[in-house]
Amino acid sequence: MPDNGQASDQIKLSCRNLWKVYGKDAASFFTGTDAPGDTAALARRIRETGHIVAACDVSFDVRVGEIFVIMGLSGSGKSTVVRCLSRLVEPTAGEVRLDGRNLLKASPDELIDIRRHKMGMVFQSFGLLPHLTVLDNVAFPLRLQGSSEGERHARARKMIELVGLKEREAAFPHQLSGGQQQRVGIARSLAVDPELWFLDEPFSALDPLIRRQMQDEFLRLQQLLRKSIVFITHDFLEALRIADRMAIMRDGRIVQMGAPADLVLNPADSYVAEFTSEVPRSRVLTSADAIDASLSVAADAPKIDGRVKLEDLLPELAARPAGLRVVDVAGNALGMVTPGSVIAVLADAKSQPNAA
């Protein structure tokens with residue numbers, strides 16, 4: 001889990017029993033006696049009539065300052081869900097509440113105001129306006145808000161500097177690399193200082209090295225901005241790097257939700273197990289997971305945060321084979337970790353069946 005240090009228990013966005021059904025009279029399945037009861041039976045009955053169930057009884061919360069990742073294979077419903085959250089796609093049934101307000105009851109004018117002032121969106125396709133410079137692309141949402149040219153350009157320059165594109169303000173999109181174009185898209189989405197940030201596979205079109213750099217940039221921005229984020233991806237390793245919590249979708253349904261480590265170590269079914277089967281356990285297990293309970297804590301041993309992943313711990317242990325003192329966030333000693341205890345916990349994890 002990334003330590004952004006800002007996620008709280010306060011709920012920013014709440015999605016409850018969300019359905020998106022494509023087909024004639026789709027809403028009729030959710031009225032009167034046809035209201036949802038047995039989710040699986042209702043979904044089956046809807047499909048039997050020739051309708052398409054793109055999102056099936058989806059429920060989750062996003063906390064203030066949290067990165068909530070939704071992932072799944074192509075066609076699993078993840079992009080449909082994020083579009084329903086902003087009502088770019090109109091949900092068939094359910095509730096989407098932002099700060100307690102049901103967005104599905106907002107009027108068109110109210111929804112436009114919410115999107116312009118409270119939401120930021122970044123998609124896989126950069127969507128930059130080719131005839132506008134970087135500065136004017138980033139300032140465009142502020143222009144829609146009615147800000148003066150001076151105000152919007154000043155704000156846009158701050159966002160451009162924030163994403164590392166200072167001195168490229170006068171460039172046009174075709175003069176930028178793919179990674180730079182995506183940075184412009186991120187800066188544009190941040191220009192309105194959104195409270196809620198939607199990112200739908202924003203790095204999928206980038207080369208692996210640039211993608212890694214953009215993930216680093218994204219985490220750096222989150223450290224600074226503390227946004228409530230819904231991030232869509234089909235890449236588990238990407239989710240593992242950035243997620244505070246995550247949900248895996250299949251056939252429009254959430255099949256498991258929790259911290260990334262929970263999904264890797266305790267998959268709910270074979271589908272989740274397949275997703276996580278190639279994830280190195282050293283990227284999931286932490287120094288706290290590898291404590292040797294048989295050892296007494298050495299007060300003079302160098303300390304290591306209990307949240308540090310084993311893959312990041314190994315260089316430290318190579319330099320200090322006698323072991324490290326594992327501490328919690330308050331600095332209290334939890335125990336000792338050694339090269340031997342790390343090997344033991346990794347061997348044990350490898351021997352466990354990766355399925356529920």
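The values are calculated or read from the model by the stated rules, or taken from the named source; none is laboratory data. None of these values were measured; they are calculated from a predicted model. All Cβ positions, even for glycine, are placed from backbone atoms using ideal geometry, and neighbour counts span all protein chains on display.
Structure values in brief
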quantity	calculated
Members of the stretch 210-235 found to be closer than 18 Å to Gln180 by Cβ and acidic (Asp, Glu), listed by number	Asp216, Glu217
Number of the condition not met by Arg307 [criteria: (1) modelled with pLDDT under 90; (2) in contact with a Ser or Thr (Cβ under 6 Å, 6 or more places away or on another chain); (3) crowded, with 17+ Cβ neighbours inside 10 Å]	(3)
Checklist (1) in the same structural domain as Glu66 (by TED's automatic domain parsing); (2) surrounded by fewer than 20 Cβ atoms within 10 Å (Cβ to Cβ); (3) under 29 Å from Gly323 (Cα atoms) applied to Val297, failing item	(1)
Of all residues making up the stretch 167-182, the number that are modelled with pLDDT under 90, in a helix (DSSP H, G or I) and not polar (S, T, N, Q)	2
Residue that is surrounded by the most Cβ atoms within 10 Å (Cβ to Cβ) [pool: residues in the stretch 243-288 that are among the charged types (D, E, K, R) and at pLDDT below 90]	Arg281
Any hit, the stretch 253-266, residues being of a type in the set (Asp, Glu), in the same structural domain as Ile67 (by TED's automatic domain parsing) and over 23 Å from Gly75 (Cβ atoms)	yes
Criterion (loosely packed, with under 14 Cβ neighbours inside 10 Å, within 27 Å of Met214 (Cβ to Cβ) and not hydrophobic (A, V, I, L, M, F, W, C)) met by exactly one of Glu90, Glu161	Glu161
In the stretch 109-141, residue surrounded by the most Cβ atoms within 10 Å (Cβ to Cβ) [restricted to those that are within 15 Å of Ala156 (Cα to Cα) and among the small types (Gly, Ala, Ser)]	Ala139
Complete set of residues in the stretch 188-211 that are in contact with a Lys or Arg (Cβ under 9 Å, 6 or more places away or on another chain) and not in a loop (DSSP other than H, G, I, E, B)	Leu190, Leu196, Trp197, Phe198, Asp200
Count of residues meeting criterion [in a loop (DSSP other than H, G, I, E, B) and out of contact with any helix residue (DSSP H, G or I) (no Cβ under 7 Å at 6 or more places or on another chain)] in the stretch 88-115	5
Hey, Leu240 part of a loop (DSSP other than H, G, I, E, B), crowded, with 19+ Cβ neighbours inside 10 Å and free of Cβ contacts under 8 Å to residues at least 60 places away in the same chain or not	no
Residues of the stretch 44-63 satisfying the condition of being outside any strand (DSSP E or B) and on the phi > 0 side of the Ramachandran plot	Gly50
Single unsatisfied condition, Ile160 versus (1) over 19 Å from Phe218 (Cβ atoms); (2) at pLDDT 90 or above	(1)
